[in-house]
Amino acid sequence: MTVPNPGRPDAMRWTTHGERLVYDNPWVRLALVDVQPPGGGERFEHHVVRLFSAAIAVVLDDQDRVLMLWRHRFVSDQWGWELPGGIIDDDEEDGAKTAARETEEETGWRPAPMTHIVSFQPMTGMVDAPHEVYLAQGAEHIADPEASEEAGEVSWIPLAEIPGLLARGDDHGLVFCDGRGLPLRPGGVTVAFEAHVKACGLPAVRLHDTRHGACSLLLAGGVPMEIVQMILGHSSPEVTRRVYRHLMRKATAAQVESATELLTKHRRQ
């Protein structure tokens with residue numbers, strides 16, 4: 001498919017006759033622009049929001065993963081993945097500096113040298129907000145980011161998963177996840193378990209010990225070895241029997257006592 005190149009004919013150009021400031025502060029500027037549509041249409045005043053230029057960083061590692069942040073934005077009341085970035089300071093003419101600085105402050109990773117890849121305006125109908133995007137191949141972890149209103153969950157997301165994230169929005173499609181819908185970290189469940197044990201005033205116990213405890217209760221309750229083996233995921237009942245043979249001896253002794261009690265009771269009757 002060939003992309004058409006219509007050029008920039010004057011007949012399609014809007015004409016600006018002037019602009020008056022309505023509101024101005026260090027973050028945002030609101031103006032009324034006196035414009036005229038193409039073809040000599042009637043002039044009118046159009047609200048325009050003017051924002052400072054922003055620099056965005058795309059940081060890739062050697063595993064084709066991109067550095068991103070999971071954040072809540074109160075303006076739209078939405079959670080979503082974002083690229084690190086921020087406003088280009090007046091004394092920072094080079095947007096690459098801003099992209100590198102914001103990446104390190106927000107994520108704790110210091111990116112490799114930045115290369116400009118594209119500039120764009122995301123909402124040209126009413127908002128003037130220049131965005132510059134920079135690419136860095138690699139980054140060095142300096143420290144965990146400090147807690148602030150800009151802090152978010154920092155993750156390296158595989159490039160292959162980005163289309164899925166965009167399609168799902170803030171729904172990660174996960175069954176087992178943390179309170180924000182993010183994938184569980186390998187040590188996160190252990191940390192949460194230890195915190196619950198401490199909060200309940202229980203003796204120190206490892207998360208893995210609960211597996212042994214469950215097996216002990218199942219065997220003591222008379223659950224067949226084959227069922228216990230399937231629950232634990234052992235390759236065969238013999239593996240379960242070998243690992244928990246000390247419990248089997250106790251269970252056997254208890255069963256003998258129960259049988260003896262039944263015989264004794266029957267004799268008394």
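The values are calculated or read from the model by the stated rules, or taken from the named source; none is laboratory data. A quick note: this is a predicted structure, and the numbers were derived from the prediction, not measured. Methodologically, a virtual Cβ is constructed for each residue, glycine included, from the backbone with ideal geometry; neighbour enumeration extends over all protein chains shown.
Among the strands (runs of 3 or more DSSP E) confined wholly to region 11-57, which include 1 or more residues that are without any contact (Cβ under 8 Å) to a residue 60 or more places away in the chain, surrounded by 13 or more Cβ atoms within 10 Å (Cβ to Cβ) and β-branched (V, I, T)?
Strands (runs of 3 or more DSSP E) meeting the threshold: 15-24, 28-36.
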Residues in region 232-244: is at least one at pLDDT 80 or above, part of a loop (DSSP other than H, G, I, E, B), exposed (fewer than 10 other Cβ atoms within 10 Å of the Cβ) and at positive phi? yes
At pLDDT 80 or above and within 23 Å of the chain's Cα centre (by Cα): which single residue out of E150, E161 fits that description? E161
